[in-house]
Amino acid sequence: EAAVGPLRLAATAVTAAEFAAFAAATGHRTDAERYGWSFVFGGFLPRDFPPTRAAAAAPWWRQVHGADWRRPEGPHSDLDGREDHPVVHVSHNDALAYCTWAGARLPGEAEWEYGARGGLHGKPYPWGDERDPDGTYRMNIWRGSFPDRNTAADGHSGTCPVDAFPPNGHGLFNMTGNVWEWTADAFADGGSGGNPDSRALRGGSHLCHESYCLRYRTSARMGNTPDSSSGNTGFRIAL
């Protein structure tokens with residue numbers, strides 16, 4: 001059990017347009033821009049894309065030079081038509097820099113989960129017990145067989161607008177699915193030997209599938225190092 005005090009949690013994840021305003025005002029360069037690459041889901045790359053390093057435990061993740069928040073799939077891509085989608089390829093460090101500029105902060109894990117539950121208790125999803133109640137889609141996740149076939153039955157094969165799908169009982173959109181969201185807290189992994197510098201992420205993403213990543217739940221979590229970035233990681237702010 002955990003207790004949280006009063007807080008304001010943004011209704012949506014930070015959008016690409018909002019992050020663009022921050023970058024223009026501050027000149028901030030993300031970790032992905034400084035390193036010159038980020039991880040992109042291989043299924044989003046052209047068939048003739050040259051071979052690059054893949055993540056050992058998840059070979060569908062490909063190292064793409066030139067991938068960053070402005071070019072989510074690499075130099076051949078842009079944000080056209082995705083300005084209202086969540087910003088991606090942002091690290092925990094980048095999220096903190098945005099918060100400083102915006103006069104905000106990242107939510108703690110307990111705060112994030114309280115918001116995600118939308119006033120419900122003991123439910124796996126922000127709206128209740130069923131993933132797809134009455135056959136309706138309530139979040140953006142991988143539909144089909146991972147990683148080779150996404151039916152996009154929920155209307156989206158990649159990220160979706162931050163206010164897509166109905167909000168939960170607290171008026172918050174896409175607390176599960178779409179993109180993983182950084183939180184303020186360190187990731188405690190139960191003593192399994194993880195990186196002590198890792199920060200916790202919540203919510204799952206559009207790439208989560210029950211066959212390997214049943215993390216589009218209000219209680220699910222994972223950790224990553226604070227300079228890591230990928231095409232399915234973003235954040236929302238708290239006050």
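Looking only at residues in the range 55-75 that are within 20 Å of the chain's Cα centre (by Cα) and of a type in the set (A, V, I, L, M), the one that is surrounded by the fewest Cβ atoms within 10 Å (Cβ to Cβ) is 57. Residues of the range 116-134 that are touching a Pro at 6+ places or on another chain (Cβ under 7 Å) and part of a helix (DSSP H, G or I): 116, 117.
Taking the criterion of being buried (at least 18 other Cβ atoms within 10 Å of the Cβ), part of a loop (DSSP other than H, G, I, E, B), of a type in the set (Ser, Thr, Tyr) and touching an Asp or Glu at 6+ places or on another chain (Cβ under 8 Å), would at least one residue in the range 32-54 satisfy it? Looking through the range 32-54, none of the residues is buried (at least 18 other Cβ atoms within 10 Å of the Cβ), part of a loop (DSSP other than H, G, I, E, B), of a type in the set (Ser, Thr, Tyr) and touching an Asp or Glu at 6+ places or on another chain (Cβ under 8 Å).
The single condition from (1) in contact (Cβ under 8 Å) with a residue 24 or more places away in the chain; (2) closer than 30 Å to residue 151 by Cβ; (3) of a type in the set (Asp, Glu) that residue 78 fails is (1).
For the range 188-216, the tally of residues that are modelled with pLDDT of 95 or more, part of a loop (DSSP other than H, G, I, E, B) and open to solvent by less than 70 Å² (accessible area, probe 1.4 Å) stands at 9.
Scanning the range 221-239 for residues that are more than 19 Å from residue 12 (Cα to Cα), part of a loop (DSSP other than H, G, I, E, B) and open to solvent by less than 50 Å² (accessible area, probe 1.4 Å) returns 225, 226, 228, 229. Restricting attention to the range 76-115 and to residues that are surrounded by 19 or more Cβ atoms within 10 Å (Cβ to Cβ) and aromatic (Phe, Trp, Tyr), the residue that is nearest to residue 184 (Cα to Cα) turns out to be 112.
The values are calculated or read from the model by the stated rules, or taken from the named source; none is laboratory data. It should be emphasised that the depicted structure is a prediction, and the values quoted were computed from it without experimental measurement. All Cβ positions, glycine included, derive from the backbone under ideal geometry; neighbour counts span all protein chains shown. Ligands, DNA and RNA are stripped out before the accessible areas are found, and what is left, the full protein with its side chains, is counted by its heavy atoms. Shrake-Rupley method; radii C 1.70, N 1.55, O 1.52, S 1.80 Å.
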